[in-house]
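These notes are about the structure you will find just below.
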Amino acid sequence: MGKPALLDDGDGADTTASDLLAQAPCGFVSFREDGTIVYANATLGHLLGVDVHELVGQSFERILTVPARIFYQTHFFPLIKLHGRAEEIYFTLRAGSGAPVHVLANAARTEVSGAVRIDCVMLRIHERQKYEQELLHAKKAAEGANAAKMRFLSMVSHDLRTPLGAISGYADLMLLGVRGEVTDAQAQDLRRIKEVSYFLLGLLDDILTFARAEAGALTVSRENVTVDSVVARVEAIVAPQFETAGIAYAREPDRAGLSVCADPDRLQQILLNLLGNASKFTPSGGKVSVRWSVDGDRVRIAVTDTGRGIPAELLTQIFEPFVQVNREIDARKQKGMGLGLAISRELARAMQGDITVESVVGQGSTFTVSLPAA
Ligand code: ADP
């Protein structure tokens, strides 16, 4: 406190503290405990569109709207009396024209030579309200765009799904020889057509699930399921993949019959993704295992591989959508889009669980799904 700090900038201008206060970019008013205004700065006069000299001697309540007056008497004034200050109070002043002027006020009770004053600074919040409105509009527009994106994705995935089903269906018929004998080369091409259409169907599913998760529209059921049963279903799907890739597979349950509280289809989707990745990123001769055990009120299902591993600085990023360790190679050779882990983690979290990863480059990785024990 004490004297105001003022720098003499040597330009001969005779600036005083009261000049600065008069022109400060916020309204300032000082009044006695009985409400009589003893000082009002020019900025406040400007805010209210009145001559400040007219304000001096008037009651502070005169520059308030009726509701603000009630608020002043029941809250503002008692607060200052009790605590000596009031901060970040929304107030509505009444301009000379009668128009409301919204301000944010800080007030403090001061006592100089026995005279009590209430000093109050006021910042106009006209701009802030405008920004809030703009933010609200932007939020509504974003929500609208999100809903439109969801409709578009559902429509596209539906419209692509039907012809894709027909493509693989006709390929099946031709492979069965329904349209006549096919040569070995033709059969190989037909199998490729089927393989690619399955791959595209999988991508469509991923895009749709991801869009749902983004829109907060992901639904999961909660039931008691044994981990063995889900792992068995997943194994039946991935076993040929491991065999073709020359990877040894083992399941190592801590205890048979362990159950989790989860959506069995969603858990299957997560494990399919983790085992699919393990087979994609583990070279021939490597090993993949699935282990599960209880840890307090959780069951942890760990998928471990002896594959290429993931650099430490990318361990958190790979859970972000469209992130791949080696984008060029992974997207083309491993047929991925970088959505699998993002979806898996969303699904795990929707079931009150999570997925974590540990990895050493060149040695392998362990992805662990934790879920509530049943
Ligand atoms: P996708 O497999 O479709 O590329 P994911 O989200 O499932 O997408 O995985 C993201 C990336 O994380 C992969 O492209 C790969 O670079 C890396 N990754 C995932 N699992 C493994 C793993 N078991 N070993 C090594 N890298 C992995």
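The values are calculated or read from the model by the stated rules, or taken from the named source; none is laboratory data. Quantities reported herein were computed from a predicted structural model and do not represent experimental measurements. Methodologically, a virtual Cβ is constructed for each residue, glycine included, from the backbone with ideal geometry; neighbour enumeration extends over all protein chains shown.
If I ask for residues that are more than 27 Å from A374 (Cα to Cα) and under 37 Å from the mean Cα position of the chain (by Cα), which ones from the stretch 230-248 would you list? Reasoning before the result, please.
The first filter runs over the stretch 230-248 and keeps only residues more than 27 Å from A374 (Cα to Cα), leaving 239-248.
Selection gives A239, Q241, F242.
Quick one: how many residues across the stretch 148-177 are among the small types (G, A, S), part of a helix (DSSP H, G or I) and modelled with pLDDT of 80 or more? Even if it seems obvious, please write down each step before you answer.
Initially, the stretch 148-177 is screened for residues among the small types (G, A, S), giving 148, 154, 157, 165-166, 168-169, 171, 177.
In the following step, the residues that additionally are part of a helix (DSSP H, G or I) were identified as 148, 154, 157, 165-166, 168-169, 171.
Checking which are modelled with pLDDT of 80 or more leaves us with 148, 165-166, 168-169, 171.
Going through the stretch 148-177 one residue at a time, the tally reaches 6.
Yes or no, residue by residue, for (1) surrounded by 11 or more Cβ atoms within 10 Å (Cβ to Cβ); (2) within 16 Å of the ligand (Cβ to nearest atom); (3) touching a residue at least 60 places away in the same chain (Cβ under 8 Å); (4) of a type in the set (S, T, Y):
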| residue | (1), (2), (3), (4) |
| --- | --- |
| D184 | no, no, no, no |
| L201 | yes, yes, no, no |
| L208 | yes, yes, no, no |
| E223 | yes, no, no, no |
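Do the conditions hold for R191, that is, is it modelled with pLDDT of 90 or more, closer than 30 Å to F210 by Cα and surrounded by 12 or more Cβ atoms within 10 Å (Cβ to Cβ)? First the steps, then the outcome.
Working: modelled with pLDDT of 90 or more: yes; closer than 30 Å to F210 by Cα: yes; surrounded by 12 or more Cβ atoms within 10 Å (Cβ to Cβ): yes.
So R191 fits the description; yes.
Go through (1) within 16 Å of the ligand (Cβ to nearest atom); (2) at pLDDT below 95; (3) of a type in the set (A, V, I, L, M) and name the single condition A239 misses.
(1)
Just give me the residues in the stretch 47-76 being under 12 Å from F91 (Cα atoms) and of a type in the set (G, A, S), in sequence order. Quick ask: steps written out before the conclusion?
Kept after step one, since they are under 12 Å from F91 (Cα atoms), are these residues of the stretch 47-76: 61, 63-72, 75-76.
Result: A68, single match.
Given the criterion under 23 Å from the mean Cα position of the chain (by Cα), crowded, with 20+ Cβ neighbours inside 10 Å and among the hydroxyl-bearing types (S, T, Y), identify the matching residue among S365, S344. Give the steps one after another, and end with the answer.
Details: S365 fails: under 23 Å from the mean Cα position of the chain (by Cα).
That would be S344, the only listed residue that is under 23 Å from the mean Cα position of the chain (by Cα), crowded, with 20+ Cβ neighbours inside 10 Å and among the hydroxyl-bearing types (S, T, Y).
Residue by residue, here is whether (1) closer than 24 Å to V361 by Cβ; (2) modelled with pLDDT under 95; (3) in contact with a Cys (Cβ under 8 Å, 6 or more places away or on another chain); (4) more than 16 Å from the ligand (Cβ to nearest atom) holds:
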residue	(1), (2), (3), (4)
D254	no, yes, no, yes
A262	no, no, no, yes
F281	yes, yes, no, no
S293	no, yes, no, yes
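Taking the residues in the stretch 334-357 that are in a strand (DSSP E or B) and in contact (Cβ under 8 Å) with a residue 24 or more places away in the chain as candidates, determine which candidate is nearest to A215 (Cα to Cα).
Keep residues of the stretch 334-357 that are in a strand (DSSP E or B), which gives 354-357.
From what is left, the residues that are in contact (Cβ under 8 Å) with a residue 24 or more places away in the chain are 355, 357.
Values: I355: 21, V357: 26 Å.
For the stretch 334-357, the residue satisfying everything is I355.
Find the residue count for the stretch 266-305, including only residues that are part of a strand (DSSP E or B) and within 28 Å of the chain's Cα centre (by Cα). Step through it out loud before you land on a result.
In the first step, residues of the stretch 266-305 are kept if they are part of a strand (DSSP E or B); the result is 287-295, 298-305.
Retained after the next criterion (residues that are within 28 Å of the chain's Cα centre (by Cα)): 298-303.
Number of matching residues: 6.
Restricting to helices (runs of 4 or more DSSP H) lying wholly in the stretch 1-109: which have 3 or more residues that are crowded, with 18+ Cβ neighbours inside 10 Å, touching a strand residue (DSSP E or B) at 6+ places or on another chain (Cβ under 6 Å) and at pLDDT 90 or above? Steps first, answer last, please.
Values: elements: 17-23, 42-48, 52-55, 66-71, 77-83.
Helices (runs of 4 or more DSSP H) meeting the threshold: 42-48.
Give just the number: which of (1) more than 16 Å from V101 (Cα to Cα); (2) under 45 Å from the mean Cα position of the chain (by Cα) does Y39 not satisfy?
All conditions pass for Y39, except number (2).
Given A239, A215, which one is under 20 Å from M337 (Cβ atoms) and surrounded by fewer than 16 Cβ atoms within 10 Å (Cβ to Cβ)?
On the way: A239 fails: under 20 Å from M337 (Cβ atoms).
The unique qualifying residue is A215.
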